[in-house]
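Written out below as structure tokens is the structure these notes cover.
What follows draws every value from the coordinates through simple rules; no lab data is involved. None of these values were measured; they are calculated from a predicted model. No Cβ is skipped: glycine too gets one built from the backbone with ideal geometry, and neighbour counts run over all protein chains shown.
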Amino acid sequence: MSLRSKLSVLALSLSLAVPTLAAAQELKVGYVDYQRVLVEVADGKAAKNRLQKWVEGREKEISQEQQNLLKEKETLEKQASAMSEEVRAQKAADFQKKYLELMQKFEKSRAEIAERERKEMEPIIGKIDEVIAGIAKRENLGMVFEKRDSGLVYAMSQYDLTNEVIRSYNSSSAKPKDAPVAKDAPKK
């Protein structure tokens with residue numbers, strides 16, 4: 001390739017790159033630490049407290065059943081020598097069945113906790129998204145990234161919108177009555 005051809009290709013490449021670079025310089029971006037927003041907004045705190053109380057009740061119930069099962073096991077072990085082989089086998093099978101039922105209840109409870117958390121947070125997340133969209137429009141931001149899940153490795157703190165999102169969310173939720181609540185949330 002001649003020097004003239006190389007210069008032509010270089011000039012063409014630069015002419016194509018310059019508008020792209022100019023457009024990139026006009027693009028404004030920001031990022032939000034969504035988890036921090038969820039934990040720090042008033043509605044998020046209230047939802048977490050409601051969820052925590054519900055979880056504690058479930059844990060207490062399962063713990064009580066576990067204690068009862070342990071007592072039953074101790075009693076079974078103490079009385080095993082006085083039982084016939086057939087009775088001992090039947091009691092062991094009954095105990096095993098109760099143990100499996102408790103484990104199923106524990107797993108079901110974990111799934112219920114995840115579902116309940118999703119239901120509690122869903123309306124709050126929707127409102128957070130609206131707040132972020134409002135800030136993005138006001139600040140003329142082309143993109144807003146989620147800090148943790150976006151693959152964002154580094155960003156200067158001047159692009160962090162987290163505190164502004166928290167302030168805007170809380171100021172738009174000045175009345176606690178208007179706080180989003182899951183449809184099946186327990187009444188206070």
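Structure above, values below:
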{"read-out": "Cross-link reach list, aspartates and glutamates versus Lys105, counting only Cα pairs under 17 Å and skipping chain neighbours closer than eight places", "value": "Glu56, Glu59, Glu61, Glu65, Asp94, Glu115"}
{"read-out": "Proxy reagent accessibility, fewest Cβ within 10 Å first, across Met156, Met121", "value": "Met156, Met121"}
{"read-out": "Per-pair calculated FRET efficiency, R0 = 22 Å: Met103 and Thr75 via Cβ, rounded to 0.05", "value": "0.60"}
{"read-out": "Neighbourhood charge, 11 Å Cβ-Cβ cut-off, centred on Val41 and excluding it, Lys, Arg +1 and Asp, Glu -1", "value": "+3"}
